[in-house]
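FYI, it's all coordinate maths here, none of it is from the lab. Model, not experiment: these values are computed from the prediction. Neighbour counts are summed over all protein chains in view; Cβ atoms, including those assigned to glycine, are modelled from backbone coordinates with ideal geometry.
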Amino acid sequence: MNRHALMCASLSHCFIWKGKHVVLQNIFTLIIETIASVLGGVLLLRFWIQAVRVRPPQQLAQFIFTLSDWAVRPMRRLLPGLGGYDWASLIGALLVAVICILLELGVRSALNATLIFSLSALLFFQWVFYGLIALLIIEAIFSWVNPHAPLAPFVRALNEPLLRPLRRIIPLIGNIDLSPLAALILLRVVHQLVIYLIMSLT
């Protein structure tokens, strides 16, 4: 085999190895992001449930506590519920975001304090805003499909602190409540402002 053929074979092997490495990185990132999003979302939901003072359905409560107790209980020794809020769950969600970003950047050998801070904050607020948007959409679906569904009162109670101020301002139009739509628009606007603010600090 001549030198040219050897070089081509070597380059081909290198590209194949790099391709496999990228695929493995992407799979690892997908797994980490999925686990982090589920755990972070559960921790934020646990915080919001206590902040709103609403009792979740028993099966949902068991799911939330089973999935998050191992992280929340130890943190409560350091972060008591000041003001009646479950700060351990909120800070726990933030720590999950930080760990997720650390693992993703560590795989790519791109560790940087500023980058870790900005990406962790973006991921955390993304969970917050997307979680609130999801709750509004779920309430809208319940109102159209089955207003008397067992979960409907629970979801309405979670959305009430967000919708109550808007309902004082926005009147019903033909018996249609436009406050959820206004809330969705406001959440999107605030989300974009938060992204801009975080990126401007980095």
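Taking 0.36 nm per residue of separation and subtracting the current Cα-Cα distance, fully stretching the chain between residue 141 and residue 31 would add 36.7 nm.
From its DSSP helices (H runs of at least four residues, each -39,500 (n - 2.57)), the chain gives a residue-normalised ellipticity at 222 nm of -29000 deg cm²/dmol. Measuring nothing but how far apart in sequence close Cα pairs (under 8 Å, 6+ apart) lie, relative to its length, the stretch 136-202 scores a relative contact order of 25 percent.
Modelled spin-label separation between residue 99 and residue 59, with each label point placed 7 Å from Cα along the Cα-to-Cβ direction: 2.8 nm.
Taking every alpha-carbon pair under 8 Å whose residues sit at least 6 apart, the stretch 64-202 reaches a relative contact order of 20 percent. Available extension along the chain between residue 151 and residue 85 is 21.4 nm, counting 0.36 nm per residue and deducting the alpha carbon span. Among 83, 92, 131, the largest mean-square fluctuation in a Gaussian network model of the chain, built with springs joining Cα atoms closer than 10 Å, belongs to 83. Computed on the Cα atoms alone, the convex hull of the chain gives a volume of 210 cubic angstrom per residue.
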